Structures are given as structure tokens and as C-alpha cells.
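Asks: I am attaching a structure below and will ask some questions about it afterwards.
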Amino acid sequence: MTNFAETAEDLYIVCEDLFKIHKSDDLEVVALRGLDLKVRGGELMAIVGASGSGKSTLLNILAGLDQPSAGRAFVGGRDLLTMTEPEIVNYRRSAVGFIWQQTGRNLIPYLTATQNIELPLVLDGVEAKVARERAMELLAAVNLENRSDHHPEQLSGGEQQRVSIAVALANRPPLLLADEPTGELDAIGADSIYQVLGDLNSRYGVTIIIVTHDPEIASRVNRVVAIRDGRTSMEIFRRVEQTGGVTQVVHDEYVLVDSAGRLQVPREFLDRLSISERAKLFLGEGRVEVLPDSVQRVPLEEN
Ligand SMILES: Nc1ncnc2c1ncn2[C@@H]1O[C@H](COP(=O)(O)OP(=O)(O)OP(=O)(O)O)[C@@H](O)[C@H]1O
Ligand SMILES: [Mg+2]
């Protein structure tokens, strides 16, 4: 068995040629079709993509809530395709924190903010006093010390999601997954979530993956990966550039090449050049050119 996490020690997540087929009655939906993704330990990154592109499917697999159909998926050296049921239960409890979009799904309504955070610790056998200290530390980390005795209904949506982040991190998992955590929030609420996730990432070094539709995300994380039709298609990196004493943030956009050498050409490029079923590929000077099949052209190499 290849253990990717051991061969490349700074990679925490490695997915290669990952497939997920959802089966219901007679219907089969291929939600992930050969997805490749690598995430470094301690990275703060986001996944974007159209509705139905497979974002939640991927996140649920990484969270141990769903099993992949084929391919390879390693998280922290664990092979998600071969884990046994007890290993999956243990993985979900100690190795990963998860935040749902629906604020109501993350918290128990009749417990206070503090009690919600203490619950996973107490269930894990942590002493009450230690659990209380940990809850207080996390409440401070999500800027909610002054809401410790509030019930979820007494908190704003943004505050509820910040408590949810604290709950998800209670057992100190090295990985935090958030599926559209700001989906039900306004811009100010969303901003407070990104702020807290950024702080927690720097403070605890926890690896964070945020699935979102929010176009603002590119300015809040270091890397955004786009998924299209169940595959990773492109990537945006944020970089700070100093030119002539002026500091500016630059976003570099890349198209991803998968393990089989495939890359996705944006639909608008294909439409513009009327490329549909086939195209011609030429190796040029330090570049590859993609041309419509109707175009006659002498390869640059032979010029
Ligand atoms: N449990 C399921 N059973 C059958 N099909 C499913 C199931 N879950 C997801 N799908 C299908 O798999 C595809 C990917 O769904 P997924 O929920 O991963 O998309 P998404 O990118 O999270 O979309 P959204 O942005 O709307 O949340 C969709 O076509 C969806 O209908
Ligand atoms: Mg989804």
C-alpha cells in the first residue's frame, strides 16, 4: 500500500483519481469522477464550484461521513478506502471537525454555548474542570467570551457558527472542514467567520478547508481550488507583491493537470474558437498551443 502522507511529509490530504457514485434505487449519480487534490498540513484553503459539482460529496468523504467508490484518498496517513468501521468512528471523533451550513444542525438548542463545546469533550471522557477550561479557551479564540451562557437561539447566525467552530475544534482535531459555513449569513457575519478561521489556522496550525459560493473567499484564503463536474479544474493562489514600495495582493490563476495529464479548457475559450469534439495540439517555444481542428498550421518545432 502506498502511503502518500509518508512519502511527501508536508502533504496532509492526498486524493488521486477519486470516484464517488451515489446509488439510490435504480439511479446512479457519478458525483466525483477522477478527482485529484493535495492539501498541505496547516493550509487554509477553499473549494468553489457550481451547484452539483461534487463539493459536499468530497467534504463528506474527507470527514469520514461517506465512503469513496474508487481511487485513492489519504488523510494524515490514513487510507479512507480501507478504514474499518471502528477506525472510521475513531477518525470522525478525533481526527476531523465538521461545520454544516445550517446553523441549527451544528448546535444542541437546549445547551448553552459553553455546554455545547464541553459536550464532545465530556463524551470523550475528559474531566469536567478540564473541559470547562478548554471551552473557555475556545470561546475566547472565536471572540465569544461574553456569550458563554447564551443558548443558540440567543445568538446571531454568525455567533452560532463561531460556537460551531469551537465545538468542531474541541477535541483538537488536526483538520477542520466547513461546508458553506457562511451560506446563511450576511456579509458581516461571513466576515467574522473568515476572520476566526484565519486566526485559528495561524494559532493552532489546524488544516482548514472551506467549501463556499462566496466570491470574496479568494481574498481570505491562500488558495482556492475550483471543482467542475466532479474533478478539480483550476486553482487560484494569493500572493503579496512588493513593487516600488507599494504592497499589493495578486491572484495567480492556474489550470490543473490531473494524474493522467488531462486539463480542462474553460468552456468560454472553446466556444470562442468553436472547438467542440477535437482540437489540434502543437508544441511551441515553451508552450503548448490548442487550435481548432479546422486550422491548418505547421508545428513550430518544424519551422
Ligand atoms: N446521497 C445522494 N444520493 C444521490 N445523489 C446524490 C447524493 N448526494 C449528492 N448527490 C448528487 O451528486 C452530485 C454532487 O452533489 P454535491 O452535493 O456533492 O454537490 P455540491 O457541489 O455540494 O452542490 P451545492 O453547491 O448545491 O451544495 C449532484 O448531482 C447530486 O445530486
Ligand atoms: Mg453542497
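Asks: Among Gly49, Gly54, Gly77, Gly34, which is within 10 Å of ligand 1 (Cβ to nearest atom) and more than 23 Å from Ser219 (Cβ to Cβ)?
Replies: Selected residue: Gly54, the only one of Gly49, Gly54, Gly77, Gly34 that is within 10 Å of ligand 1 (Cβ to nearest atom) and more than 23 Å from Ser219 (Cβ to Cβ).
Asks: Further, regarding this structure: Every residue in segment 168-208 that is surrounded by fewer than 19 Cβ atoms within 10 Å (Cβ to Cβ) and either in a strand (DSSP E or B) or of a type in the set (D, E, K, R) (or both), please.
Replies: Result: Arg172, Glu184, Asp186, Asp191, Asp199, Arg203.
Asks: A further question on this structure: Does segment 87-106 hold any residues that are of a type outside the set (A, V, I, L, M), within 16 Å of ligand 2 (Cβ to nearest atom) and assigned to a strand (DSSP E or B), and which are they?
Replies: Hit for segment 87-106 is Phe98, nothing else.
Asks: Answer yes or no as to whether Phe98 is surrounded by 15 or more Cβ atoms within 10 Å (Cβ to Cβ), of a type in the set (Phe, Trp, Tyr) and over 18 Å from Leu169 (Cα atoms).
Replies: no
Asks: Another question about this same structure. Based on what the data block shows, is Arg92 in contact (Cβ under 8 Å) with a residue 12 or more places away in the chain, surrounded by 18 or more Cβ atoms within 10 Å (Cβ to Cβ) and among the charged types (D, E, K, R)?
Replies: So Arg92 fails the test.
Asks: Return the pairs, sorted by first residue and then second, in which the second residue is of a type outside the set (A, V, I, L, M) and away from ligand 2 (no atom under 16 Å from the Cβ), the first residue lies in segment 175-189 and is over 21 Å from Arg203 (Cα atoms) and touching a residue at least 60 places away in the same chain (Cβ under 8 Å), the beta carbons are less than 6 Å apart, and the residues are 6+ apart or on different chains.
Replies: Going by the 6 Å Cβ cut-off, the qualifying pairs are Glu184/Gly157.
Asks: Got a number for residues in segment 51-75 being among the charged types (D, E, K, R) and more than 9 Å from ligand 2 (Cβ to nearest atom)?
Replies: Of the residues in segment 51-75, 2 are among the charged types (D, E, K, R) and more than 9 Å from ligand 2 (Cβ to nearest atom).
Asks: Among the residues of segment 214-229, write down those that are at pLDDT 90 or above and either part of a strand (DSSP E or B) or more than 14 Å from the chain's Cα centre (by Cα) (or both).
Replies: If the condition is that a residue be at pLDDT 90 or above and either part of a strand (DSSP E or B) or more than 14 Å from the chain's Cα centre (by Cα) (or both), then Arg223, Val224, Val225, Ala226, Ile227, Arg228, Asp229 are the ones that fit.
Asks: Among strands (runs of 3 or more DSSP E) lying entirely in segment 1-86, which contain 1 or more residues that are more than 28 Å from Asn201 (Cβ to Cβ) and at pLDDT below 95?
Replies: Of the strands (runs of 3 or more DSSP E) lying wholly inside segment 1-86, those with at least 1 residues that are more than 28 Å from Asn201 (Cβ to Cβ) and at pLDDT below 95 span 11-24, 27-40.
The values are calculated or read from the model by the stated rules, or taken from the named source; none is laboratory data. It should be emphasised that the depicted structure is a prediction, and the values quoted were computed from it without experimental measurement. Here Cβ is always computed from backbone atoms with ideal geometry, including for glycine, and neighbour counts include all displayed protein chains.
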